[in-house]
Structure formats: structure tokens, C-alpha cells
Amino acid sequence: MASPTAGGVVIVGSGLIGRSWAMLFASGGLKVKLYDIEQQQITNTLENIRKEMKSLEQSGSLKGSLSADQQLSLISGCGNLAEAVEGAMHIQECVPENLELKKKIFAQLDRIVDDRVILSSSSSCLLPSKLFTGLAHVKQCIVAHPVNPPYYVPLVELVPHPETAPATMDRTYALMRKIGQSPVRVLKEIDGFVLNRLQYAIISEAWRLVEEGIVSPNDLDLVMSDGLGMRYAFIGPLETMHLNAEGMVSYCDRYSDGMKRVLKTFGSVPEFSGATVDKVNQDMCMKVPDDPEHLTARRQWRDECLMKLAKLKHQVQPQ
Ligand code: NAI
């Protein structure tokens, strides 16, 4: 008899990211099994998902074409890993970001899976060559790195191991599209993947500008949220170049000297310590005190904004 998960997805690690993946896969009509080392965590996550889906449905923000009840009926918990993965087509690992722990999980999975299932890690920064080397099923392994909160920010970076089969990349890409996410193919693994390399470049220069007293921490953030970020929600830095002149060639002709001049003045990697931490922290805490209550409220507000932005992007960018 086929397992109840046949053709479905298994989430290994039902924390923050595992929960979001479960909701996304269910929104695409897929059966989802949640596994966690902590039985109580599975129970809590199922309850959290139920509440969140009902509230999303009420506010008209539930993803997919199925009702909350239909989506909820697709998700179940399982306290036994071997049972959970039987017949699954995709396993999404979401345990904490610890190389030894993740290697242990993938070695465990390697012993019990068949030759068809995709073994995918949510790792934010561990390289596939560190995670998957030596596994019998390495061709079926890939990193699918989501962005927090994945339910509202659709990007997923797909990062292959040097031995990952092209079909694994293609199938994972298609699956991400099916659940409404926006996958990108990272063609070769690199430390930080693409998103974090860009993010760290921005954080690094932001820190130097504040450290050198050029701008206050709050004004620095405004440059992004009311300036660059406004357009980056719709077009990337390369298309920005293309549109800000008569095409890319014209932009490079006009602005490359200026860009190179400024880029040469960038400083060394900041230490992210000492007086600058105090200065930035002071401004941030004036806006959002760093106690759990204020941080949670601000995250909720951020997620509501992202949800509205996602709706707007959907309206203005026909798929
Ligand atoms: P989390 O701490 O919220 O959840 C981890 C879950 O894994 C917990 O429920 C824990 O009980 C479970 N777990 C621990 N050991 C286990 C084992 N041996 N077998 C099964 N389950 C086990 O962590 P979070 O934030 O969900 O992160 C998961 C992964 O997603 C990490 O690799 C992280 O880097 C990545 N990620 C996290 C993002 C974030 O903003 N939190 C964003 C993008 C990726």
C-alpha cells in the first residue's frame, strides 16, 4: 500500500522555517508530513499553522486556491523519520544551522531514502560541498535557501553540490514555482550564496558610513527604506542601471568612472564591535526597544507590510 506521504513533502525540523515551508507546500496542494526530534514541537507547530492559516484566510491573504481547511487537511505530523519519508518526493531539512547536526540528518536520510526523492536543505550559509559530500544520494541533494519570512518573501536560492544532477535542480526549481515561490539558480556554490553576499556588502558600507560619522543610523536606514529599497522591490540593481541611462552600455559609458572612483574609497571589513555597536543600538532601541514585546510587534508590522507589498507586486507584475 502506498504511504500516506506518497508524492508529498517531508519537513525535517518544525521550527520557524519548517512551519513556513509546510504552509507554502500545502498552499500548492501538496501533502506535507512534519517531523521533529521534539514531539511537542510538532504539536505546537500544527496548532500555530492552524491559527495562522485561519487568520490569513480571514484577511484574504491565504496563498493558493484551496481553503484553509483544505490546506490544513494536507498537513500532518509524524514522530518517526523513516515512516515520514516513505514514498516522499521532496524532503526539506530545517534543523538549526549547525553543520555537524545537518550532516548527521543527511547521513540518516541517505540510508533510508530511495533514488527519486530530492534531499533539500534550508541552510542559510553552509556550503553544499560541506553538507552533502560522501552521500550515496549526493546527486539528489541541493540547498534551497528561503528568505525570512518565506510566506511573504518569495525568493529561494537553489545551490547545487558539484555532483548535484541537473534534474535535481530542475525538479526543485519547478516545485518552487508550483508553490508560488521565486527560485533562482546559483550556478556554483559560493560562501554566503548570492543574497547574503549582497546583504553583507550593504551592511558593511552602512556600518562604515555610521562609524565615520557621515550619517546617523536612522538616516542610513531611511536611505534604503525610502530610497533604494523602493525600486529594489520591483527591479534589481542591474536593471536599475539599464533604466537609468539609455540602456546598460550607455550607463557604463556615462557612470563607470564615477562608480570606480567611489568604490575605491570603500574601507576595510568593519569589526562590528565597540562604540559603533553602542551608537547603532541606541538609535535602534529608541525606535524599537529590544524587549520581546516590542520586537514581536515590530516584526508583525513588517510582515503585514510585506504581505501588502506582495499583493501589490502580484497586481503590477502579471506572471
Ligand atoms: P528553529 O530553531 O526555529 O527550528 C529548528 C527545529 O529543528 C526545531 O523545531 C528543533 O526541535 C528541530 N530539530 C533539532 N534537531 C533536530 C533533529 N535532529 N531532527 C529533527 N528536528 C530537529 O530554526 P529555524 O530558524 O527554523 O532555522 C532552520 C534552518 O533554516 C536553519 O538552517 C537556518 O539557517 C535556515 N534559515 C533560517 C532563516 C531564519 O530567518 N530563521 C532564514 C532562512 C533559512
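Overview of values
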quantity	calculated
Helix axis angle, 39-58 relative to the chain longest principal axis, alpha carbon, degrees	70 degrees
Helix-only mean residue ellipticity at 222 nm for the chain, each DSSP H run of n ≥ 4 adding -39500 (n - 2.57), per residue, nearest 500	-15500 deg cm²/dmol
Dipole magnitude of the chain about its Cα centre (Cβ charges: Lys, Arg +1; Asp, Glu -1), debye to nearest 20	780 debye
Whole-Hz couplings from phi, Karplus 6.51/-1.76/1.60, listed for the stretch 271-280; x for Gly and Pro	7, 6, 8, x, 5, 5, 4, 4, 5, 5
Residue among 315, 244, 194 farthest towards the positive dipole end of the chain, charges placed on Cβ	315
Between the stretch 150-224 and the stretch 58-93, the alpha-carbon center distance in angstrom	26 Å
Cα-based helix-to-principal-axis angle, 166-178 vs the chain, degrees rounded to 10	80 degrees
Dipole in debye (nearest 20) - the stretch 136-192, about Cα centre, beta carbon charges: Lys, Arg +1; Asp, Glu -1	240 debye
Taking 21, 301, 207 and counting other C-beta atoms within 10 Å, the order from fewest to most	301, 207, 21
Percent antiparallel among DSSP beta bridges (both partners in the chain, rounded to 5)	20 percent
Exposure proxy ranking, count of Cβ atoms within 10 Å, fewest first, for 145, 161	161, 145
Label-to-label distance, nm, for residues given as residue 188 and residue 309 (7 Å Cα→Cβ offset)	3.2 nm
Modelled FRET efficiency - R0 35 Å, residue 230 with residue 51, Cβ distances, 0.05 increments	0.60
q = 0.10, 0.13 Å⁻¹, the stretch 1-102: log10 I(q)/I(0) [Debye, one scatterer per Cα]	-0.25, -0.42
Too-long pairs where the Cα-Cα distance tops 20 Å, listed order kept, from 51/287; 178/311; 104/178; 103/130; 188/260	51/287; 104/178; 188/260
Charged-residue dipole, Cβ positions (Lys, Arg, Asp, Glu), the stretch 1-124 about Cα centre, Debye nearest 20	180 debye
Order of 158, 195 - criterion: other Cβ atoms within 10 Å of each residue's Cβ, fewest first	195, 158
Listed residue (142, 127, 167) projecting farthest to the positive dipole end of the chain, Cβ model	167
Helix 195-211 vs. the chain, principal-axis angle (Cα, 0 to 90°, nearest 10)	30 degrees
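Throughout, read-outs are computed from the coordinates displayed, never taken from laboratory work. Fair warning: this is a prediction, and the values are worked out from it, not measured in the lab. Note that each Cβ is placed from the backbone with ideal geometry, even for glycine, and that neighbours are counted across all protein chains shown.
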